[in-house]
Amino acid sequence: MADMDLWRFQGSWEAGIRRGILLTVCSLALSLCSAQERARSTSTIRPAPKFPPNSLTLAFGGMAPLSHNALTQFWNPGPSAALTMYVNVNRYVALGVGAEAALFFFDRQSFEGRFPSVPVHQLNTANLHIFVGWKYTGRLGSFLCPTLGATLGASKMTKAVYQQRVAGIRQTYYEIPGMTRATLGATAGLEFVLSRRLALLLEGRAQYLHNDPEVAFLGGGRTGIRINIY
């Protein structure tokens, strides 16, 4: 009888040890699984990047008259500058408002070659442009973004008129009346993203002045920066 009680005691003791070992292994396995799940969740779930609601573009370059002899013959290309504020509709499309200015330098030598006996009145002229714009920004990678843009606005050339009376007859050498015209513009370029806030831009620009016999088309290129405003 004593041997049987001892055998029963040893069997229950060994079973308890086995159960304890099994529970320990299970608890360790559950702890490792939960730790892996937490590590996986923290590594895969990342906060969405903050999207900039607005951006500011500042560009400098050059612009040239492209049509009509009065402007292309007596005025050379000159510097230009543009400032545009955009509101981003989504990651690709933005709407904005801006202002643009270009200066054209009078070509004295060209005037003297055309009218050698006429005194020179050297008058530089400028184009002032206010517009609303649409802009599309694509992606070729994390660094390079192609852009397309269109503008609608009003443009004005500063007045430049040179007239003389010769033998009672009025002679006009050039006449830029300085009227305000409706304008359409188109822009294409590239942006080089440097950070979340800053990008460099390079673009070409064309501008059409509606019903303007003295100017009609202007074109040029420019470079600048785009600053995201959060």
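No lab work stands behind these numbers, since they all come straight from the coordinates. A quick note: this is a predicted structure, and the numbers were derived from the prediction, not measured. For neighbour counting, all protein chains shown are included, and Cβ atoms are generated from backbone atoms with ideal geometry for every residue, glycine included.
For the range 54-229, what relative contact order do you get, as a whole percent, if you take Cα pairs closer than 8 Å and at least 6 residues apart?
So the answer I get is 23 percent.
Taking R0 as 25 Å, what's the FRET efficiency between A167 and Q109 from their Cβ-Cβ distance, rounded to 0.05?
Efficiency at R0 = 25 Å is approximately 0.35.
Any chance you could run the full-extension gain for N211 through L144? It's 0.36 nm times the residue separation minus the Cα-Cα distance, nm to one decimal.
20.3 nm
Please work out the Cα center distance from the range 98-132 to the range 165-215, rounded to the nearest Å.
Spelled out, the Cα-based centre of one part sits 12 Å from the other.
Compare the peptides 183-194, 85-96, 106-117 by average per-residue count of other Cβ atoms within 10 angstrom and give them in order, highest first.
Top of the packing list down: 183-194, 85-96, 106-117.
7 Å from Cα along Cα→Cβ at both L190 and V89: what's the point-to-point distance in nm?
2.7
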